[in-house]
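What follows is a short report on a single structure.
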Amino acid sequence: MILLYPTIVLLICMGLYTVLTQTNMIKIIIGISIVESSIILLLGAMAYFPGAAAPVLDHPFELVADPLPQALGLTAIVINASTTAIMLALVIKLHNRYDTLNIHEIKKLRG
Amino acid sequence: MKNISFNKLFSFSLVSLLGVLLLISFYDISNLEVTLSLSEHYINYGVEETGAINLVTAILFDYRAFDTIGEATVIFTAASIVALILPQHEASMLKTEFTPIVHQSIAFILPFFWVISIFLIAYGHLSPGGGFSGGVIISAMSILIIFTYGFHYMTRRFNVTRLSLIEDFGALLFLSIGVFGLIYGGSFLANSQAGVYLGNPGELLSGGLMPLSNLAVGAKVGTGLSIIFISLTRED
Amino acid sequence: MPAITMNPGFILILVGILSIFMKNNKQRFILSMAGLATSLFIILGLPEGERLLTFVFLDFEIILLEVDVISRNIALVFVIFGAGAFIYSYKFCKKKEFPLVNFYLGFSFMILFVGDFISFFVAWEIITVSAFFLIYDINDAVRQHTAQYYILMHVSGGLMLLWGIILHVTESGSIILTMPERGLIFFLISIAVKLAFVGVHTWLPRTYANIPFHISVILSAFTSKIGVYGLYRIIELDNMLIAYFGAFSAILGVILAMTHSDIRKILSYHIVSQIGYMIIGIGIGSELGIVGGSFHIINHILYKGLLFIMAGTVIYSFGYENLENLGGLWKKVPITFVTSLIAALSIAGFPFFNGYLSKTMIKHSTDNQIIYYGMMIAGIGTALSFIKIMYFGFIREGNNPPMKKKPLFSMRVSMVFLAGIMMTMALLPEQMESLFNISTGINYFSAYEVWNGVQPILIGLALFPILQKTIEPHPEQPIEPDFYCDICNSFIEFDNKVSKIHTGDMVRYVSWVLFALVLLLLNFYVTSLF
Amino acid sequence: MDLLIWLIIIPLFTIFSIGIFNYINKKFVLPVVFTSAILQSGIAIYYIINRNNLLPQLYNVGNWQRDIAINLSIDNFTLVIFVLIAIMPLLSLLYSITEIQRKPAKFYLLINVLLLGASGMVMTADLFNFYVFFEIASISSYALVAFRDEDISLEAAFEYLIIGSIGSVFLLLGIVLTYQATGTLNMAMIPGRMAEIPVITRQVLMSLFIIGLGVKFALVPLHAWMPDAYQGSPISYIVLSSGLVVNVYFFVLVRILFIFFGVEFFQETIFTNLIVGWGVLSMLFGHGAALQQDNLKRLFAYSTIAQLGYVIIAFGLGTEAGIVAGSFHLISHALLKGAIFFTAGNLHKATGSYQIREMKGMAEKMPVMSIIFVLMLIAMVGIPPSNIFVSKWLILSAAVEAGYLLPAFMIVFGSFLSLGYYLRPVITIYTGYTGFPGKLPLLKFNEYFPTLLLAGICLIIGLFPGYILNIIDTAPEFLLEQSNFIIHILGG
C-alpha cells in the first residue's frame, strides 16, 4: 500500500513523458493510454480497504469494498477504450494520407 | 541533435516536477478523514432497494443508470465514428494463414465463448460481470473469427450495416427501458423505484428491469466493439 | 404650425435608408433636399433647454433631444452647407454615396442634439464608420490605405471616449452629458483626434487630399467641427491651458499649411489651424469666448466648405490640384475665382467678411497677450497661405493648364449660394449676435477694429515676396508614412512573433498544457508557503 | 411539467434510431432530425418563457432520494446556455443541409451527440455524470473536426484528440480526487465537505478542473487546437462549437468553481487576480495571433479565443454585475460569431477558398452578403449599436466598478487590436475585382436565412438589450450564493 501512490504517479509521468518525447504516433497513443489506465488504477485503489470483500453481497460481510469507484472505473474504461479506438482510426487514416507515422512530419497546420 | 536532447531534458524536468506536485497532493488527500456517505448508502441499502446482489451492477444499472446510458452513447458514437473515418475496403490487413488445427480448435471454443458471454450478461446482477463484460466477450468472438477464418468469412455473415442495426436496436431497447421508467415510475430510468417486481435477491429474475438492461447493453457493446474492430482492420 | 419635437438627425437617417431604393441621382437629390428642408423646419421649431425623447436603456436615461442656442445655430448652418454641398455634388455622386452622406449628416445632426453620453458615443462612432465607407474605394489602393488610417485613428479615439465615459459613469452613476468627473484626459484625447489637434492631426490632410473632391467637401465641413462641438459640450473648463493649446495648434497648422502646395492639403492643414481658434474661444470659457468659438465654427464650415468646393471645381475642370501645375485660372473660371476670393478673405479675417466677425469676438473675449499675439501670428500665416493659393493658382500667368470641362451649372449655383449667405452674415453682425442671444457691444466696423483686422493681412502681403522661396509650389507624395504607421508596424511585429510559436507541432502544444498545469500548481504551492 | 429530461431523451432517440431510418429510407432522416431539433429548441424556449414560475427545477433520474440520485437541474444561470440551445442547433442544422453532402446521416448523428453532451453537461448536478457528458461532447467534436476527410482536418482532429485527451485525463483526475476528498459526487453536497479541506488541496483540485476544462474552451496556452480544428471542419460544426459547445464548457467550469469553492475563497486567495489576469492574457494573445492570419476560419478561431478572454475577465471579477456582463457577452458573441461564420461560408461558396486574399472583389459579386459581413465585422469590434457594444459596456463598467482598472483598459486596447484584423477581410472584399472562374452559385434559402436571422437577432439585442438582460439578470443568484444552489438540489 505504501508504494501505491508513487506507482500511480510514476505511471502518469511515464505516460506523459512518452507523449512528449516519442515521435511515433502509435507510441503517443500508448502513452495516453498509460496515463488513463493509471487513473483507473487510482480509482481501483480507492475502492479497496484492507480485508474488504468484493461488493457482491450474496451473504452479509463485515467490510465491503467501495462499489462506487469500481462502477466509475468501468465507465472510465469504456470511455477510454472508445477514445483510443478513434485515435487509432485517425492514425490509420493519417498514415494513408501522409505515408508516415512520425508526428513531426505531419505539420500542415501552422501559424 | 543538441536540440533533441534539450527537448528531452525539458520534458523530463516538466514531467517530474508535475509528478512531485501530484504526489504531494495525493498524500494530502489520502490523509483526509472522509465519510463516504454515497457508498455507505449503496452498501447498506443496495440489495434491498434494487434487488441485485452485485452492487457494482446495481450502481451501474439502477442508481447511476444515467451514467450508463451516456457511456453506451459513447461506445455507440465511437463505433459509428470509426466506421465513418475508415472507408469501406475489400482486402484485409490480416493475411496470416493458420493450420487446420487452429481452425478446428477455434470452432470448438467459440460456443463456450457464447455461453460465457450469455452467462455474464444474464447473471450480471448476481455475480461479477454484466452487460459490458459480456459484450466485450462477444466482440472477442468476432475478433477470433476474423483472425482465424479471415475477414470475408465474417463480413459474409455479419457486415457492418447489419451489426450497426443490431447495435441500434440494443441501444433503443435500453432507451425504451428508460422511458418505461419515465411512464411507470415517474422518472427517466426509474427501475426499482418504478414499482417493478424486484424478486428475491439472488434469483435470476430479480432486480427488476436490470437483466433486460444488461441484455441491451450487452448486445450494444458487443456489436459496437465488433464494428470498431472490423473497421480498424479493413485496409487497402 | 405645430412644431415637431424630433431629433432632425432621424429624418436624414430615414432619407438615407430610403435613398437606397431610389432609381437615379435626381430622385436621390430631391429626396435629400426634402430631408434637409424638413430638418430645417424641425430645427426652427425646437424648444430650447428641455430634455425630450427620453427612454431607458440599460438602467440609464437616454436623452435624444436637448437643444441650446449654440447647437441650434450650428445645426442651421449644417443645413445650409448640406444643401450647398448636395447642390454642388449630386451630378457626380455615386449610388452608394447618397445613403452614406445622408447617414453621415444624420448622425452629425443627431450628435448636436443628444443629451447623454451613450447616444453621444453611438453617433460619434457611426459618424466614423460612415465616413470610412465614404473614403473607401473599391478600385483605389491609396484611398483604401487612407480609409484604414482614418478608421484606426478615429476608432482609437472613440475607444478612448468609451473608456472615459465608463470611468465617468461608474464614478457618477449618471450618463447625462456634462463635465466628466473622472478620466478627463481620455475625453480630451478622443476629442483631440476628432478635431485634428496638432499631434493627432495626421489623418486629416492625408484623408482630405486623397479622396474625390465632392466627398472632401462634405467631410471637411463636418468632421472636425463635431469634435469642437464635443469639446464645447463636454469640457466646461475656464482653463487657459486649453486656450494656449489652441493657439499652438493655430500657429503650427498654419506653418504646415504654408509648406504644402496641393490645394486641398493647404486647406486641410488650415482646418487644423482654424480649429485652434475655436479651441481658444471655448478654452477661454467666457460667454463671449464660447459664442465666438461656435460662431467661428459656423463661419468656418461655410468658407472652408466653399474653398473645398473651389478646389473640387479646379480639379474637375483642369485635372490638377498642385499649385505647381496651375496658374491664370481667373479668366477661365471667373465665378469660382470671385467666390473663392470671398472665402479666402473671410478665412484671413479681412473686415467686412464673415471670418472677421468671429475672430474679433474671440480677440475681445480675452486680455491674454500670448493668445492675442498667437492669433496674430496665425492670422499672418493664414493670409500668407491664401495669398499663395490665390496668386499661384489664379493670378500668376505661369503654365496655363487647358480647361478640360466647364464647371457644371449646379456647381456654380452652390458656390454663389454659399458666398451669398456668407456675405449676408458678414454684413449683419447685430442679427448674428441676436441669433446667439448675446449682445457684445463691439462695433465691428469702427476704424480701430478694421485696422486690427487688416493688420495681419498687410503683414502677410509684405512678407510674401520675402518668403517666396520657401512657399514656392513643389510636387507632393500622396501618402507619407509617419509615427503612427510605425506603431502599427510594431503591432504586426508582435503578432508575427505570436504566430510563429504555433508551429503545428502537437507535442509542443501538449507540453504547453502540462506547463500551464505545473505553473498553476507551483503557484499555489509556493504561495501556500508564505 | 418536467420537460427537461426530454432534452436528453430526444437526442438519444435520434442518435439511436437514425441508423435504422437511414437503413429503411434515406428520406426519413431529415424530418426526424429536424423534428428532434425543433422539439429541443421548443423545450429550451418553453423554459425561457416560463422562467418565473418554473425555475429552479430539479429532476431526479431514477426517482431516488436527492442525495444519492443523479440530479438534473435547471436554474436561472442555466438559462444563459438555454438561450443558445434554443437558437444555434436549429440554424446550424439548417445550414448543413447543403453543406454536408457526404454521409449526412452520420453528420446529424454526431451533431445530436454533441447536443446531448452539451445539454447534459449544462443540466447535470452530479460530478461524474458531468464527466460522461463531457466525453460524449468531446468524442463527437473530434469526429466532426475530421468530418471533411481532408488532410488538414484529419491532422487537426488528431491534434485535438491528443490535447483533448490530456485535458480530460486531468479532469478525470480532478473528479476522482474530489470524490476521494469529499466522499460524494453530488455537486450540492461537495461544497459543504470542500470547506473542511485544507486550502492547498482545494487549490490543487481547482487547478485540475481549470486545466481539464480550459483545454476545451481554448484558454491560452491550451488553445492551440482551436484554430487548427476550425480550419479543417465544416461551418455548421464551427457555428455549433463556437456558438454553443465552447460556451458550455466555460459555463460548467464557472459553475464548478463558484459552487465548489465559493467566491469568498477566491477573494481570500487572490485567485480573482489570477483569473482576471489570465483572461487579459487570453484576450491579448488571441487578438495578437489573429492579426495576420490569412485564413478566415483561423482568424475567427483566434478571435473566439480573444472574445472568451473578455468573458473570463467578466466572470473572474466575481461580482454580480460581472456575471451578468459575462453572460451577456457569452450570448451576444455566440450569436454574432455564428452569423459571421455563416457569412464566411456563403462567401466561400463563390471563391471556393477561405483564404482572405482569394476573396478579392467579392463585393461586386455578392453585394448583400459582403455588406452584411462587413457590418458584422465592424459590430464585432464593439461599434454601436451592436450587441457587442452593449456587452463591452457592461463588462467595462463591471470591471471599473470592481476596481480592475488595468484589465478594463486592456479590454479597450484589445478592441483596437481587433479592429486591425477585422479590417483586413473588409479591405480585401472591397478591393478591385479580378474575376472568378466559372459561374457564381446561387445561395439557397437555407444558406442565407440563418445568416440574416442571426444578424437580425444581434441587431435587435444591440438596440434592446433588455430582452436578454431580463432572462439573465437573476443568473448570479445561483452562482454567487452557494446556499441557493444547495437548497435547490438537496431541498430545505
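Worth pointing out:
- Accessible surface of C:MET179 - all protein chains present, 1.4 Å probe, nearest 10 Å²: 50 Å²
- Counting Cβ atoms of other protein chains within 10 Å of each Cβ in D:75-85 and taking the mean gives 0.
- Using equal-weight Cα scatterers in the Debye expression, the normalised intensity of chain D in log10 at q = 0.12 Å⁻¹ is -1.05.
- When all protein chains stay in place and ligands, DNA and RNA are ignored, the 1.4 Å accessible-area order of D:GLU150, B:GLU48, A:GLU62, largest first, is A:GLU62, B:GLU48, D:GLU150.
- Accessible heavy-atom area order of A:MET87, C:MET33, highest first, probe of 1.4 Å: C:MET33, A:MET87
- Region C:276-310 versus region D:267-303: alpha-carbon centroid distance in Å: 45 Å
- Cα convex hull volume per residue for the protein assembly as shown (Å³): 196 Å³
- Amide H contacts under 5 Å for D:ASP126: D:ASN71, D:MET187, restricted to partners 5 or more places along the chain or on a different chain, H placed in the peptide plane at 1.01 Å from N.
- Pair-distance distribution of chain B: all C-alpha pairs, bin width 10 Å, starting at 0; shares per bin in whole percent are 7, 24, 23, 20, 18, 7, 1, 0.
- Within the full protein context, the accessible area of B:LEU163 is estimated at about 10 Å² for a probe radius of 1.4 Å.
- Backbone phi angles across region C:437-442, fed through the Karplus curve with coefficients 6.51, -1.76 and 1.60 (θ = phi - 60°), yield HN-Hα couplings of 6, 9, 10, 8, x, 7 Hz in residue order; Gly and Pro are listed as x.
- Averaging the Cα positions of each part gives two centres, and for region D:196-263 and region D:373-436 these lie 24 Å apart.
- Shielding by partners for peptide C:55-67, expressed as the average number of C-beta atoms from other protein chains within 10 Å of each residue's C-beta, is 1.
- Relative to the dominant Cα principal axis of chain D, helix D:405-429 is inclined by about 30°.
- Highest mean first, the peptides C:338-345, B:138-145 sorted by other C-beta atoms within 10 Å per residue fall in the order C:338-345, B:138-145.
- Among B:ASN191, B:ASN31, B:ASN159, residue whose mean-square fluctuation peaks in a GNM of chain B (springs only between Cα atoms under 10 Å): B:ASN31
- Dipole of the protein assembly as shown [Lys/Arg +1, Asp/Glu -1 at C-beta], most positive-end residue of D:LEU463, C:ALA426, D:ALA146: C:ALA426
- Amide H contacts of C:ASP262 (H built 1.01 Å from N, in plane; Pro and chain starts excluded): C:LEU323 sit under 5 Å, all sequence-distant by 5 or more or on other chains.
- Short-range pairs are left out: with C-alpha atoms under 8 Å and at least six residues apart, the relative contact order of region D:270-475 is 28 percent.
- Student exercise, chain D dipole from Lys, Arg, Asp, Glu Cβ charges, in Debye to nearest 20: 1320 debye
- Pair-distance profile P(r), taking every C-alpha pair of chain C, with 20 angstrom steps and integer %: 22, 54, 19, 5, 0
- Helix axis angle, C:117-135 relative to chain C longest principal axis, alpha carbon, degrees: 70 degrees
- Rounded to the nearest 20 debye, the dipole magnitude of chain C is 1980 debye, with +1 charges on Lys and Arg beta carbons, -1 on Asp and Glu beta carbons, and the Cα centre as origin.
- A cut-off of 5 Å between modelled amide H atoms, ignoring neighbours fewer than 5 places along the same chain, links C:PHE57 with C:ILE62.
- For region B:32-49, Karplus couplings with θ = phi - 60° (6.51, -1.76, 1.60), whole Hz, Gly/Pro x: 6, 8, 10, 9, 8, 5, 5, 5, 4, 4, 4, 5, 6, 10, x, 5, 6, 7
- For region D:37-53, backbone phi angles converted through the Karplus equation (6.51, -1.76, 1.60; θ = phi - 60°) give residue-by-residue couplings of 5, 5, 4, 4, 4, x, 5, 4, 5, 4, 5, 5, 5, 8, 4, 6, 9 Hz, Gly and Pro being listed as x.
- Relative contact order %, region B:142-208, counting alpha carbon pairs below 8 Å whose residues are six or more apart: 14 percent
- Region A:45-111 versus region B:100-145: alpha-carbon centroid distance in Å: 21 Å
- Region C:266-299 residues near the modelled C:ASP482 label - backbone nitrogen below 18 Å, point 7 Å along Cα→Cβ: C:266-277
- Within a Gaussian network of chain B (alpha carbon springs, distance under 10 Å), most fluctuating of B:ASP67, B:ASP28, B:ASP168: B:ASP28
- For peptides A:25-36, B:9-20, C:278-289, sequence by mean Cβ density within 10 Å, most packed first: C:278-289, A:25-36, B:9-20
- Stokes-Einstein diffusion coefficient of region C:10-149, Kirkwood radius over Cα pairs, 4 °C, 1.567 mPa s, in µm²/s: 81 µm²/s
- Counting charges near C:SER216 (Lys, Arg +1; Asp, Glu -1) among other residues having Cβ under 15 Å from its Cβ returns a value of +2.
- P(r) tail fraction, region B:80-220 - alpha-carbon pairs more than 19 Å apart, %: 62 percent
- P(r) histogram, all alpha-carbon pairs of region D:270-475 included - 5 Å bins from 0, percent: 1, 8, 16, 19, 18, 14, 10, 7, 4, 2, 1, 0, 0
- Partner shielding of D:148-154 amounts to 4, given as the average count of beta-carbon atoms from other chains within 10 Å of each residue beta-carbon.
- Rounded if a/c under 1.5, otherwise prolate or oblate - region C:63-113, Cα gyration tensor axes: oblate
- Among D:55-63, A:51-59, the peptide with the highest mean count of other Cβ atoms within 10 Å heads the list, and the full ranking is D:55-63, A:51-59.
- Sorted largest first by accessible area at a 1.4 angstrom probe radius, with every protein chain in place, the residues C:LYS265, C:LYS363 fall in the order C:LYS363, C:LYS265.
- Rounded if a/c under 1.5, otherwise prolate or oblate - region D:1-155, Cα gyration tensor axes: prolate
- Loop-located chymotrypsin sites (Phe, Trp or Tyr not before Pro) across region C:388-483 with a Cβ neighbour count of 16 or fewer within 10 Å are C:PHE445, with loop assigned by DSSP.
- Mean separation of Cα contacts under 8 Å, 6 or more apart, over the residue count of region D:1-90: relative contact order %: 30 percent
- Shape category assigned to region C:484-529 from the gyration tensor of Cα positions, a/c cut at 1.5: oblate
The values are calculated or read from the model by the stated rules, or taken from the named source; none is laboratory data. Bear in mind the structure is a predicted one, so any value in this text is a computation, not a measurement. Reconstructed Cβ throughout: ideal geometry from the backbone, glycine too, with neighbour counts over all protein chains shown. Each accessible area value is taken on the protein alone, full model and side chains, heavy atoms only, with ligands, DNA and RNA left out. Shrake-Rupley method; radii C 1.70, N 1.55, O 1.52, S 1.80 Å.
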